Amino acid sequence: MRALIKAEEHRQAGVINLIASENYASREVREATGSVLTNKYSEGYPGRRYYAGNEVVDEVERLTQERALKLFKLNPKKWGVNVQALSGVPANFFVYSALVPPGEKMAGQALDQGGHLSHGSKVSLTSKFWRWAHYTVDRKTEILDYGKLTLQMKKEKPKLIVAGYSAYSRELDFKKFRKIADSCGAILMVDMAHFAGLVAGGVYPSPFPYADVVTTTTHKTLRGPRGALIFFKKEYEDAINKAVFPGGQGGPHDHQTAAIAVALHEATQPSFKKYAHQIVKNAKVLAGELKKKGWRIVSGGTDNHLFLLDVWDKGIAGKDAEKLLESAGIIVNRNGIPYDSRSPFNPSGIRIGTPAVTTRGVKEKEMARIAEWVSGILKNNLDPKKVKNEVSRFVKKFPCPK
Ligand SMILES: *Cc1c(COP(=O)(O)O)cnc(C)c1O
């Protein structure tokens, strides 16, 4: 296994990683995940455990909670946070099960319109236990149409509305979501898994002034270990904590909790603010440069860390684009675009994101270079083998966190 881990380390260092949901965690974060905390059982919550020997783990979990609330400037009298959910999908599931009786209706952005599996997709367990109304982007602008959303929600009357996405490049108007939720008596949950780091860095609107519940992963723009956080207004605290444990999980992964605390600390530093701003600058430059070269960006551009490139617009299938770029050492994932005419397995687009390359220190100037490579390869103007050599030299100047 040591050899395989080394091989993966080598692979990660040797490519340009444009996967929008990935990042490089710091050594300190990785050390915490590899710590002796993995040895402990601590079912329950701080001060209320079902095992002895939890005096240190209690402090770990309390400190993580404190840091999570502090990072997002939340008043501990009004907001609480659960740090035990093992990942983003279970976190969402626990919130639904805590707040919405089975068989009732919820609403979320459709998966093929930028939403996430855990927002009621047909293949997700979330659609087995609840009914869903899915909202879409406008066919022409490829941006959410809040007027249409208002009418749809008034008609559907969901018990809970999820705002949040995995493949949407625009700001969300949380104030409007709040108004819509109020107009139909729904709870408003924001799933900020993708953009939590941008909120923390002050470069994307915060959902907290408007949401009742906010879930997030910790391993995307937040640059921590794999994991999740569930923030809730105090009135939902008991129900949500019970849904996590004993409802859906046993013992928490304390090593992961500790690593989340390390990442949260890192995210309060001024350098993280700069990092978050640079992520967005880089995404804007990359999208802009590709646009100049004739590529169609879904919705015309980006306000965050990602965008969708409509490669089928130039007659290239998403899967082929993904493969071609990989052969040149550039890693992306194929992705459906709104109202895609092709199948999800080989869709019309690719998703491009800048959190990982920005961690390595890549800035605007280099983004223009990456745009040239991406465009040249996809247009068959550049030899992927040659580019791969150039990429190998390029990435050496931008090392991964040690
Ligand atoms: C990534 C993501 C999740 C799921 O996270 P996992 O940690 O993979 O379970 C949930 N919601 C959204 C919007 C995401 O982008």
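Things worth noting here:
- Hey, Ala68 surrounded by 22 or more Cβ atoms within 10 Å (Cβ to Cβ) and within 15 Å of the ligand (Cβ to nearest atom) or not: no
- Strands (runs of 3 or more DSSP E) wholly inside the stretch 187-239 containing at least 1 residues that are modelled with pLDDT under 95, among the small types (Gly, Ala, Ser) and more than 24 Å from Glu31 (Cα to Cα): none
- Index of the failed condition, Asn333 passing every other in (1) more than 30 Å from Ala110 (Cα to Cα); (2) surrounded by 14 or more Cβ atoms within 10 Å (Cβ to Cβ); (3) polar (S, T, N, Q): (1)
- Count of the stretch 177-198 residues which are away from the ligand (no atom under 12 Å from the Cβ) and closer than 15 Å to Leu306 by Cβ: 2
- Single residue of the stretch 5-29 satisfying the filter (among the hydrophobic types (A, V, I, L, M, F, W, C) and free of Cβ contacts under 8 Å to residues at least 12 places away in the same chain) that is farthest from Leu325 (Cα to Cα): Ile5
- Of all residues making up the stretch 334-389, the number that are more than 30 Å from Gln113 (Cβ to Cβ), part of a loop (DSSP other than H, G, I, E, B) and not charged (D, E, K, R): 4
- Answer from Ala276, Ala287 - the residue that is in a helix (DSSP H, G or I), hydrophobic (A, V, I, L, M, F, W, C) and under 30 Å from Phe94 (Cβ atoms): Ala276
- Members of the stretch 295-314 that are more than 14 Å from Pro338 (Cβ to Cβ) and either among the aliphatic types (A, V, I, L, M) or part of a helix (DSSP H, G or I) (or both): Leu306, Val311, Lys314
- Selected residue [at pLDDT 95 or above and surrounded by fewer than 24 Cβ atoms within 10 Å (Cβ to Cβ)] from Gly294, Gly353, Gly349, Gly318: Gly294
- Listed by first and then second residue, the pairs with beta-carbon distance under 8 Å, at least 6 apart or on different chains, first residue in the stretch 192-215 and without any contact (Cβ under 8 Å) to a residue 40 or more places away in the chain, second away from the ligand (no atom under 13 Å from the Cβ) and of a type in the set (Val, Ile, Thr), are Met192/Val199; Pro205/Val199; Asp212/Ile187.
- When the stretch 207-222 is filtered for residues that are hydroxyl-bearing (Ser, Thr, Tyr) and more than 9 Å from the ligand (Cβ to nearest atom), the ones remaining, listed by number, are Tyr210, Thr221.
- Of all the listed residues (Val280, Val262), the sole one being of a type in the set (A, V, I, L, M), away from the ligand (no atom under 16 Å from the Cβ), farther than 25 Å from Ala163 by Cα and at pLDDT 95 or above is Val262.
- Subset of the stretch 202-246 [more than 14 Å from Leu86 (Cα to Cα), crowded, with 24+ Cβ neighbours inside 10 Å and of a type outside the set (A, V, I, L, M)]: Pro207, Lys220, Thr221, Arg223, Phe231, Phe232
- For the stretch 60-69, the criterion of being of a type in the set (D, E, K, R) and farther than 26 Å from Ala258 by Cα is met by no residue.
- Residues that are without any contact (Cβ under 8 Å) to a residue 12 or more places away in the chain and either hydroxyl-bearing (Ser, Thr, Tyr) or assigned to a helix (DSSP H, G or I) (or both), drawn from the stretch 240-273: Pro270, Ser271
- Unmet criterion (only one of (1) closer than 30 Å to Ser206 by Cβ; (2) more than 16 Å from the ligand (Cβ to nearest atom); (3) in contact with a strand residue (DSSP E or B) (Cβ under 8 Å, 6 or more places away or on another chain)) for Lys77: (3)
- Listed conditions (1) within 22 Å of Gly224 (Cα to Cα); (2) in contact (Cβ under 8 Å) with a residue 24 or more places away in the chain; (3) among the hydrophobic types (A, V, I, L, M, F, W, C) are all met by Val56, apart from (2).
- Counted residues, the stretch 319-375 - those being out of contact with any helix residue (DSSP H, G or I) (no Cβ under 7 Å at 6 or more places or on another chain) and more than 24 Å from Phe195 (Cα to Cα): 9
- Of the set (1) free of Cβ contacts under 8 Å to residues at least 40 places away in the same chain; (2) within 11 Å of the ligand (Cβ to nearest atom), all apply to Pro225 but (1).
The values are calculated or read from the model by the stated rules, or taken from the named source; none is laboratory data. Note that the structure is predicted; figures quoted are calculated from it, not measured. Please note: Cβ atoms are built from the backbone with ideal geometry, for glycine as well, and neighbour counts cover all protein chains shown.
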